[in-house]
Amino acid sequence: MRSTALFWVQHLLGSGHLRRIAAIASALSRHGIQCVVASGGMPLSHLDLGAAELVQLPPVRAADAGFSGLVDHHASPVDDQLMAQRRDLLCELVADLAPEVVVTETFPFGRRQLRHEALALLDAADALAKPSLTVCSVRDILEQASKPERYEQMRAIAMGRYDRVMVHGDPRLVTFGDTFPFADALGERLVHTGYIAAPTVTVTDRDGPGSQEVIVSAGGGAVGLALLEAAAGARPLSAHASNLTWRLLTGDPSLASSFQLSGDGIVAEPNRADFALLLARCAVSVSQGGYNTITDIFNARARAVVVPYGGEGETEQTERATRLARQGSIIMLPEAELSPRSLGRAIDQAMALPHLSPGVIDLDGAERSAELLLQWMDDD
C-alpha cells in the first residue's frame, strides 16, 4: 500500500499559502506518495497540484486586511457549527487515510484563529494505531507577534506536538531565528529548505509582451490601488523609463478601466496567465514584497522595485525587502514614501542594477521539502 501524506492549509487573504503547499504536495507525489491537500480557504480556479488530490473544507477567509475575524463564502461571520463541521471532516479524513505524515501549513507559528481545528487534526493523527509523523511547513519570515507571550506558546506547541519544522527560506538571506526568538530551542527539528518557487519559465522569444517594459503588479484593494495610481503618474517623471511601455496589472479586473486614460505608453489590464514571461522580458518589475512575488522576481532574474505592504501592523514584507535591498538585489521604496515622483526615481535606480544572477537565493524549496519528507518517513 502506498504511503500517504496529508497536508492542512488555510489561506485567508492571498493564495500564497495554498500555492506553496500545492508545490510541495506535487513534488512529493512525483516520488510515488499519495498526497492529499485539505484546504480551508476559498477555492482557486487554477491550482497546479500535480498528482495530489484536493479536499475542500467548508471555506473561510479573513473578514478584512486586519484579520479582525473569519467569514464564510457568503461573507457572514463563521459560527461554531461551521467550525465543528470542518473539524469533523478533518478527523474523518485522518481516520480514512491513516497518513504516514501530517503537514500543517503555518500553524503553530500563525493561524491562531484556527488553533482548535489544527490541534484536533494533530489529536486525530496521534490517535492512529501508528501515529502520524507531524511536520510544520512555514515561510521564511513570521509576522511580529502582537503579544510577546505568543512566541512562547508557539514554541511550546512546536516542541510538544511536532517532529519537524520546515522553514521555506534561505538562511543566507534570513534565518528563522531572525523573526522567531525560540528557534534555537527547536534544535534538529528545524530545517531551512530554500524558497518555494514556481517552475522556471524558458523564454524563447525576447520580443514578446513585456519586452523592455515596466511591469507593475498589484493585488486588489486600497493598497494595490495606491501603487497603481503612483505608477500611472510616475512614467513622465522617470529619467530613464519615460520612453518605455508601462504595463499595469491590476489584480482586480474592475480596476483596469480606471487607468485606460492615463496617457500614452501605459497599458492597464487584469492579471495575465503569462506573468512569469512578462517578468523575464521586462526592463523593471514594480510590486509589493510578498513571498511568492519575490520568488517570481528571482526566478525571472528581473530588476525590481519593491514597495512592501506595511499596513495593519504587517512586518513580513518590509523585513524581507529590507534584507534584499541591503544585499543590492532590489530597490526598496517604503510604502509611506510612495508617490509618483519617488517611484519614478526608484525605477531609474533599478534600471542601473544588473539582472539578478542565478543562485542569489535558493529557489529549490519544493523539491527539497519533498526529499526531506521522504527521508523522515523512511526513518520513522
### Query
From the set of residues in region 154-172 that are within 19 Å of the chain's Cα centre (by Cα) and surrounded by 18 or more Cβ atoms within 10 Å (Cβ to Cβ), which is nearest to residue 119 (Cα to Cα)?
165
### Any hit, region 285-292, residues being more than 22 Å from residue 14 (Cβ to Cβ), surrounded by 20 or more Cβ atoms within 10 Å (Cβ to Cβ) and either within 23 Å of the chain's Cα centre (by Cα) or modelled with pLDDT of 95 or more (or both)
no
### Task
Within region 33-52, work out how many residues are buried (at least 16 other Cβ atoms within 10 Å of the Cβ) and among the small types (Gly, Ala, Ser).
5
### Task
Would you check if there is a residue in region 196-209 being out of contact with any Cys (no Cβ under 6 Å at 6 or more places or on another chain), of a type in the set (Lys, Arg), outside the structural domain of residue 346 (by TED's automatic domain parsing) and in a helix (DSSP H, G or I)?
no
### Query
List, please: which pairs have Cβ atoms under 7 Å, are six or more places apart or on different chains, and start with a residue in region 201-224 that is under 23 Å from residue 358 (Cβ atoms) and among the acidic types (Asp, Glu) and end with one that is at pLDDT 80 or above and assigned to a strand (DSSP E or B)?
213/246; 213/247
### Query
So, of the residues in region 100-141 that are of a type in the set (Gly, Ala, Ser) and closer than 18 Å to residue 189 by Cβ, which turns out to be surrounded by the fewest Cβ atoms within 10 Å (Cβ to Cβ)?
110
### Task
For region 16-32, enumerate the residues that are in contact with a helix residue (DSSP H, G or I) (Cβ under 8 Å, 6 or more places away or on another chain) and surrounded by 17 or more Cβ atoms within 10 Å (Cβ to Cβ).
19, 20, 23, 24, 26, 27, 28
### Task
Please find, among 317, 375, the residue that is part of a helix (DSSP H, G or I), at pLDDT 95 or above and closer than 28 Å to residue 192 by Cα.
375
### Query
Since residue 333 meets every condition but one in (1) surrounded by fewer than 21 Cβ atoms within 10 Å (Cβ to Cβ); (2) at pLDDT 95 or above, which condition does it not meet?
(1)
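Per-residue answers, yes or no, for (1) modelled with pLDDT of 95 or more; (2) in a loop (DSSP other than H, G, I, E, B); (3) not β-branched (Val, Ile, Thr):
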site	(1), (2), (3)
12	no, yes, yes
17	no, no, yes
21	yes, no, no
28	yes, no, yes
41	no, yes, yes
45	no, yes, yes
48	no, yes, yes
67	no, yes, yes
82	no, no, yes
## Note on the structure
The lone condition residue 95 fails out of (1) surrounded by 14 or more Cβ atoms within 10 Å (Cβ to Cβ); (2) of a type in the set (A, V, I, L, M, F, W, C); (3) part of a helix (DSSP H, G or I) is (1)
### Message
Can you find, within region 248-280, the residue that is modelled with the lowest pLDDT among those that are buried (at least 17 other Cβ atoms within 10 Å of the Cβ) and hydroxyl-bearing (Ser, Thr, Tyr)?
### Response
262
#### Entry: Every residue from region 102-153 that is more than 19 Å from the chain's Cα centre (by Cα), within 27 Å of residue 365 (Cβ to Cβ) and among the hydrophobic types (A, V, I, L, M, F, W, C)
102, 118, 119, 121, 122, 125, 133
### Summary
Those residues of region 173-191 which are of a type outside the set (Phe, Trp, Tyr), under 19 Å from the mean Cα position of the chain (by Cα) and part of a loop (DSSP other than H, G, I, E, B) amount to 173, 174, 175, 179
### Message
Looking at 117, 92, 105, can you tell me which residue is free of Cβ contacts under 8 Å to residues at least 12 places away in the same chain and either outside the structural domain of residue 144 (by TED's automatic domain parsing) or over 17 Å from residue 380 (Cβ atoms) (or both)?
### Response
92
## Note on the structure
Among the residues of region 144-153, the number that are in a loop (DSSP other than H, G, I, E, B) and buried (at least 16 other Cβ atoms within 10 Å of the Cβ) is 1
### Query
Looking at residue 357, is it closer than 30 Å to residue 26 by Cβ, within 21 Å of the chain's Cα centre (by Cα) and part of a loop (DSSP other than H, G, I, E, B)?
no
#### Entry: Whichever residue in region 53-88 is surrounded by 13 or more Cβ atoms within 10 Å (Cβ to Cβ) and touching a residue at least 40 places away in the same chain (Cβ under 8 Å) and, among such residues, is farthest from residue 7 (Cα to Cα)
65
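The values are calculated or read from the model by the stated rules, or taken from the named source; none is laboratory data. These numbers come from a predicted model, not from an experiment. Methodologically, a virtual Cβ is constructed for each residue, glycine included, from the backbone with ideal geometry; neighbour enumeration extends over all protein chains shown.
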